[in-house]
Structure formats: structure tokens, C-alpha cells
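Student: Before I ask anything, here is the structure I am working with.
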Amino acid sequence: MDTYYFDSIDSTNVKAKELASLGAVSGTTVWAGYQSEGRGRLGKEWHSVAGNGLYCSVILRPELKIEEISKITLVTGVAVGKLLAELVGKEVQLKWPNDIYFSGKKCVGILAESSPLNIEANERYVVIGIGINVNQSLVDFPAELRSTVTTMYEEAGKKFDLEKLLYALRERLISQVNMFEQHGFAPILAEWRRMDLLLGREMECVDVQGKVVRGVSRGPDSNGNLHVESIDGTLHRVLSGDVRLAAKK
Ligand code: BTN
């Protein structure tokens, strides 16, 4: 289980996928001090401040059916969320599907990417990309992000060793995925729901077709898909897309 560090790289997820397709074993990890093209979900950029954030990607080869793979993002959220809550000493909130918040502000983003489905079962992999705002101060971020992001340092009032954090994170992630393989999704979903930022709150969701759904979040179901109840009582299932809290009227 190798660990590769780069002072600077385009994206740790891109590198990890390359290594995975060359046969890297489960647990192999890529991390970097800076990413020039850090990627988020839905083609968004992940702002990678040099030297003070943790930007890493872990290759996993879980023994799961294809339809279970999409739940890995939520499984990762629980693993990372619980670790950060312990280290920072505050509760975290999880925002479906993949963000971790402290005090209503984003601290972590997760981008899970799977191998193409048409490759041999024994060659399949998932790359779990995790970006954590660790030792940055708010002034390190562009002005337009400062009201919506936070860092472990801002929340805990102390700095963290990035390498120690990386190894703790990988250990938690692997053991949470082992639990998922052995005991299924239900116990992990129950934990996820206890940390749900949006549950019962009015929100807006833009689905993949660009259609805006406005309603109250009912949380993820047993498949990991979000349910949103619109004003007329209709339940909408959200597979993907962008979700945000509705603006107060
Ligand atoms: C999101 O918030 O939309 C997900 C952000 C994921 C960022 C991490 S940083 C390490 C890894 N490499 C990337 O290019 N992206 C992920």
C-alpha cells in the first residue's frame, strides 16, 4: 500500500486513476501540497491553497456489487466526518451527497470516481478524492468564498499535522468501507442521517437536466438517493445534481 507525495500536481484524483489503471493495490494513496487543477463535482474547481490543505486520493478495490459503488461517497462522508468531529471537538454536518460542514460552512469536499464499468471485475477500482481545509486562515481564500467556507484551524483554534491527518483518514476510510462490505449500508446510513445538514430544511436542488426542484429535504434513502418533498407533497428522488439551502424569503 504505497503513498505518493507531490509538492505540486494537477489533480491527485487524475494521478490516482492513472495508478489504479496500472494495477495499484487497494489503499494506495496520492497526496499533494498544491493542486493546479483540483477538481470538484459537476466540473467545479476545488481551491487548493499551497501547503495548508490536505488534498488526497485513496484507491480502493472494494468487494461490492456495481449498484453499491455509488454509496461510497456517503460512506466516506461518515468516516471523514466522525474523524474530523473528534479532532476538532465540534459536531459536523454532512450535506448530501459529499460535503462536510462545521457551523454551516464547508470544510471538506469529496469526489469519488469509479473505473469504467466495462472493465473486468477484478480490475475495478474507486478513487476517493478528499479535499480538507486544514491549516488555512479565512484570508487565504478568495474574498467571495470567505462567508461560505471554514477550516479545521478556524474551528479548533490550533494547527494539525497534515501527514498524521492523512494516515488517520486512510485508516478510518478503509475500516468504514470494510464495515460497509460486511454489514451493508443501513447502519452507515443511520449515522449519516444523524449528521444530515439538510434534513427537514427547505432547499433547492438542480437536477442533472437543470430542472430546479424546491422543497423540504427528507434525507437520503436506502440507495443513497436524496428525497425532496415539494409543496404539493410530491416526493422527488434526486440522483445527482447540485443542492443548496433555499434563500430565506
Ligand atoms: C467537491 O466539493 O465538489 C469535491 C471536491 C474534491 C476535492 C478533492 S482534493 C483531492 C482530490 N483531487 C481533486 O482534484 N479533487 C479531489
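The values are calculated or read from the model by the stated rules, or taken from the named source; none is laboratory data. Note that this is a predicted model, so its numbers are computed, not measured. Here the Cβ positions follow ideal geometry from the backbone for every residue, glycine too, while neighbour counts run over all protein chains shown.
Student: Go through region 93-111 and give me each residue that's under 18 Å from Ser70 (Cα atoms), among the aliphatic types (A, V, I, L, M), out of contact with any Pro (no Cβ under 9 Å at 6 or more places or on another chain) and near the ligand (Cβ under 10 Å from one of its atoms). Don't jump to the end; show me each part of the working.
Tutor: Of region 93-111, the ones under 18 Å from Ser70 (Cα atoms) are 94-100, 109-111.
Filter again for among the aliphatic types (A, V, I, L, M), leaving 94, 100, 110-111.
Imposing the further condition that a residue be out of contact with any Pro (no Cβ under 9 Å at 6 or more places or on another chain) reduces the set to 94, 100, 111.
Scanning region 93-111 gives Ile100, Leu111.
Student: Something else now. I'm trying to understand the selection: among the residues of region 147-168, which are part of a helix (DSSP H, G or I) and of a type in the set (A, V, I, L, M, F, W, C)?
Tutor: Passing the criteria: Met152, Ala156, Leu162, Leu165, Leu166, Ala168.
Student: Filter region 208-236 for residues that are in a loop (DSSP other than H, G, I, E, B) and within 13 Å of Ala246 (Cβ to Cβ) and give the result. Step through it out loud before you land on a result.
Tutor: Going residue by residue through region 208-236, those that are in a loop (DSSP other than H, G, I, E, B) are 208-211, 221-225, 230-234.
Within region 208-236, Ser230, Ile231 qualify.
Student: Within the group Ser48, Ser115, which residue is in contact with a strand residue (DSSP E or B) (Cβ under 6 Å, 6 or more places away or on another chain) and at pLDDT below 95?
Tutor: Just a single option satisfies the conditions, and that option is Ser48.
Student: From the list Gly81, Gly40, which residue is under 19 Å from Asp140 (Cβ atoms) and touching a residue at least 40 places away in the same chain (Cβ under 8 Å)?
Tutor: None of the others qualify; the one that does is Gly40.
Student: Anything in region 28-63 that is more than 9 Å from the ligand (Cβ to nearest atom), surrounded by fewer than 17 Cβ atoms within 10 Å (Cβ to Cβ) and part of a loop (DSSP other than H, G, I, E, B)? List them, or say none.
Tutor: Tyr34, Ser36, Ala50, Gly51, Glu63
Student: Let me ask something else. Considering only region 101-124, I want to know if a residue exists there that is touching a Leu at 6+ places or on another chain (Cβ under 6 Å) and within 26 Å of Tyr4 (Cα to Cα).
Tutor: no
Student: What are the pairs, 6+ residues apart or on separate chains, where a residue within region 5-16 that is free of Cβ contacts under 8 Å to residues at least 40 places away in the same chain has its Cβ under 8 Å from a residue that is of a type in the set (Ser, Thr, Tyr) and crowded, with 23+ Cβ neighbours inside 10 Å?
Tutor: Phe6/Thr12
Student: If Ala20 satisfies all but one of (1) touching a residue at least 24 places away in the same chain (Cβ under 8 Å); (2) surrounded by fewer than 23 Cβ atoms within 10 Å (Cβ to Cβ); (3) more than 19 Å from the chain's Cα centre (by Cα), what's the number of the condition it fails?
Tutor: Only one criterion in (1) touching a residue at least 24 places away in the same chain (Cβ under 8 Å); (2) surrounded by fewer than 23 Cβ atoms within 10 Å (Cβ to Cβ); (3) more than 19 Å from the chain's Cα centre (by Cα) is unmet by Ala20, namely (2).
Student: Within region 134-152, which residues are in contact (Cβ under 8 Å) with a residue 24 or more places away in the chain and surrounded by 11 or more Cβ atoms within 10 Å (Cβ to Cβ)?
Tutor: Listed by number, the residues that qualify are Val134, Asn135, Gln136, Asp140, Phe141, Leu145, Thr148, Val149, Thr150, Thr151, Met152.
Student: Separate question: If you take the residues in region 70-123 that are among the polar types (S, T, N, Q) and not in a loop (DSSP other than H, G, I, E, B), which one is surrounded by the most Cβ atoms within 10 Å (Cβ to Cβ)?
Tutor: Checking each candidate, the answer is Thr76.
Student: Condition first: of a type in the set (A, V, I, L, M, F, W, C) and more than 18 Å from the chain's Cα centre (by Cα). Now tell me which residues in region 206-228 satisfy that. Reasoning before the result, please.
Tutor: In the first step, residues of region 206-228 are kept if they are of a type in the set (A, V, I, L, M, F, W, C); the result is 206, 208, 212-213, 216, 226, 228.
Val206, Val208, Val212, Val213, Val216, Val228 - these are the residues of region 206-228 that are of a type in the set (A, V, I, L, M, F, W, C) and more than 18 Å from the chain's Cα centre (by Cα).
Student: Mind listing whichever residues of region 169-207 are in a helix (DSSP H, G or I), touching a strand residue (DSSP E or B) at 6+ places or on another chain (Cβ under 6 Å) and more than 16 Å from Leu74 (Cβ to Cβ)?
Tutor: Arg170 - this is the single residue of region 169-207 that is in a helix (DSSP H, G or I), touching a strand residue (DSSP E or B) at 6+ places or on another chain (Cβ under 6 Å) and more than 16 Å from Leu74 (Cβ to Cβ).
Student: So, in region 1-23, exactly how many residues are in a loop (DSSP other than H, G, I, E, B) and either more than 19 Å from Leu169 (Cβ to Cβ) or out of contact with any Asp or Glu (no Cβ under 7 Å at 6 or more places or on another chain) (or both)?
Tutor: Counting residues in region 1-23 that are in a loop (DSSP other than H, G, I, E, B) and either more than 19 Å from Leu169 (Cβ to Cβ) or out of contact with any Asp or Glu (no Cβ under 7 Å at 6 or more places or on another chain) (or both) gives 7.
Student: Let me ask something else. Might you check whether a residue that is of a type in the set (A, V, I, L, M, F, W, C), over 19 Å from Asn133 (Cβ atoms) and touching a Ser or Thr at 6+ places or on another chain (Cβ under 6 Å) occurs anywhere in region 38-61?
Tutor: Among the residues of region 38-61, at least one is of a type in the set (A, V, I, L, M, F, W, C), over 19 Å from Asn133 (Cβ atoms) and touching a Ser or Thr at 6+ places or on another chain (Cβ under 6 Å), which makes the answer yes.
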